[in-house]
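Right, one structure below, let's go through it.
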Amino acid sequence: MSIVNSRSYLFVPASRPERIAKAIGSGADAVIVDFEDAVAPVDKEQAREGLVAPWAKLCVHAAAANVAMLVRINGADTAYYEDDLAWCSSEGVSDVVLPKADAAGVNALVAALPGVRCFPLVENAAGFAGLRELANAGNVVRLLFGSIDLMFDLDIQDECEALNYFRSRLVFHSRAAGLLAPVDGVCTAIGDDAALAAETRRARAFGFGAKLLIHPGQVRGVHDGLAPSVAERRWAERVTAAAAAANGAAVAMEGKMVDRPVLERARRILSRTS
């Protein structure tokens, strides 16, 4: 799966290579091998060492399955950052998730790993304060919403309306910087299909193009929730058909004018269906 088309980014502990293999086969579009939160401090060195031998085979497996492989390293303010960078360099990692990201951190990462594609995880006040600069930093591909950590940083109790301002800013600055639509935060309600569906619908309504996942069982729900509905697809098909029949002339459909933005919206819906 191309990074451009990825809808689901599934976290998996770097300390569990067997789970990485299962994650690749889960149906997720992208797998984030996590050296940060998913690995206890006492296990981080062992996780790096234990992943050296199977890494190349896992990457071949992922490529064959058309799954993008990313690595979330530890933050620059930790004692593990430099060793994570060295590991990524030696293993040829091309896509890195940077936690607690800001523009300076992205620039330092790119300087340390030339050519790396960066996926900043925006999850604290400092990151949002410099969001414009972060979105425009070199080698940034897509912004990720670290909603849980942001709630802790700002002492926010409500993950719904209280976070909407930050959701809108991520979408706005991603678009302004020419980035892919951002990736929404995780749904912590594992096994709760209704909660996952509601979160995914909200993400799509705000303009997010993908979602972070913490369990393989969330993949299908996210893909279904981000896909256009049957009604949307049928509307888009009618719009494109009417525009084609008009051969470039102005046309009305169902009492409404089909102008360029309407036609482009219809084409965008159909592109997400294919």
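The values are calculated or read from the model by the stated rules, or taken from the named source; none is laboratory data. No experiment lies behind these values; they were computed from the predicted model shown. Positions of Cβ are backbone-derived with ideal geometry, glycine not excepted, and every protein chain shown enters the neighbour counts.
Taking segment 121-145 on its own, how many of its residues are part of a helix (DSSP H, G or I) and small (G, A, S)?
Here the count works out to 5.
Take the residues in segment 11-26 that are part of a loop (DSSP other than H, G, I, E, B) and in contact (Cβ under 8 Å) with a residue 40 or more places away in the chain; name whichever of them is nearest to the chain's Cα centre (by Cα).
Per the criteria, the residue is S26.
Could you tell me whether any residue of segment 74-92 is under 17 Å from the mean Cα position of the chain (by Cα), in a loop (DSSP other than H, G, I, E, B) and in contact (Cβ under 8 Å) with a residue 24 or more places away in the chain?
no
For D95, indicate whether it is at pLDDT below 95 and not aromatic (F, W, Y).
Against the criterion (at pLDDT below 95 and not aromatic (F, W, Y)), D95 does not qualify.
Kindly state which helices (runs of 4 or more DSSP H) lie completely within segment 196-274 and contain at least 1 residues that are over 22 Å from G27 (Cα atoms), in contact (Cβ under 8 Å) with a residue 24 or more places away in the chain and of a type in the set (S, T, Y).
Output list reads 230-246.
Between A76, A14, A63, which is touching a Gly at 6+ places or on another chain (Cβ under 6 Å) and within 20 Å of R117 (Cβ to Cβ)?
Just one listed residue meets the conditions, A76.
Using the structure shown, decide if R201 is under 15 Å from the mean Cα position of the chain (by Cα), over 30 Å from V39 (Cβ atoms) and surrounded by fewer than 18 Cβ atoms within 10 Å (Cβ to Cβ).
No; evaluated as a whole, the condition is false for this residue.
Yes or no, residue by residue, for (1) basic (K, R); (2) at pLDDT below 95; (3) more than 18 Å from G75 (Cβ to Cβ); (4) assigned to a loop (DSSP other than H, G, I, E, B):
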{"residue": "M1", "(1), (2), (3), (4)": "no, yes, yes, yes"}
{"residue": "A28", "(1), (2), (3), (4)": "no, no, yes, yes"}
{"residue": "V33", "(1), (2), (3), (4)": "no, no, no, no"}
{"residue": "E36", "(1), (2), (3), (4)": "no, no, no, yes"}
{"residue": "E45", "(1), (2), (3), (4)": "no, no, no, no"}
{"residue": "L51", "(1), (2), (3), (4)": "no, no, yes, no"}
{"residue": "W55", "(1), (2), (3), (4)": "no, no, yes, no"}
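For segment 159-176, check the following and say yes or no: at least one residue is part of a loop (DSSP other than H, G, I, E, B) and touching an Asp or Glu at 6+ places or on another chain (Cβ under 8 Å).
For segment 159-176, residues part of a loop (DSSP other than H, G, I, E, B) and touching an Asp or Glu at 6+ places or on another chain (Cβ under 8 Å): absent.
Tell me which residues, restricted to segment 119-153, are loosely packed, with under 14 Cβ neighbours inside 10 Å, of a type in the set (A, V, I, L, M) and touching a residue at least 12 places away in the same chain (Cβ under 8 Å).
Selection gives A125 alone.
Within segment 258-274, is even one residue surrounded by 11 or more Cβ atoms within 10 Å (Cβ to Cβ), in contact with a helix residue (DSSP H, G or I) (Cβ under 9 Å, 6 or more places away or on another chain), closer than 30 Å to I190 by Cα and of a type in the set (S, T, N, Q)?
Yes: one or more hits.
Take segment 219-256 and flag every residue that is more than 25 Å from F206 (Cα to Cα), exposed (fewer than 13 other Cβ atoms within 10 Å of the Cβ) and of a type in the set (A, V, I, L, M).
A241, A244, A245, A249, A250, A252
Do we have P17 as out of contact with any strand residue (DSSP E or B) (no Cβ under 8 Å at 6 or more places or on another chain) and either under 26 Å from D184 (Cα atoms) or among the β-branched types (V, I, T) (or both) here?
yes
Of these, G185, G178, which one is without any contact (Cβ under 8 Å) to a residue 24 or more places away in the chain, under 18 Å from L143 (Cβ atoms) and of a type outside the set (D, E)?
The conditions single out G178.
Are any of the residues in segment 129-139 at pLDDT below 95 and over 21 Å from D37 (Cβ atoms)?
yes
Tell me, which residue of segment 31-46 that is in contact with a strand residue (DSSP E or B) (Cβ under 7 Å, 6 or more places away or on another chain) and charged (D, E, K, R) is surrounded by the fewest Cβ atoms within 10 Å (Cβ to Cβ)?
E36
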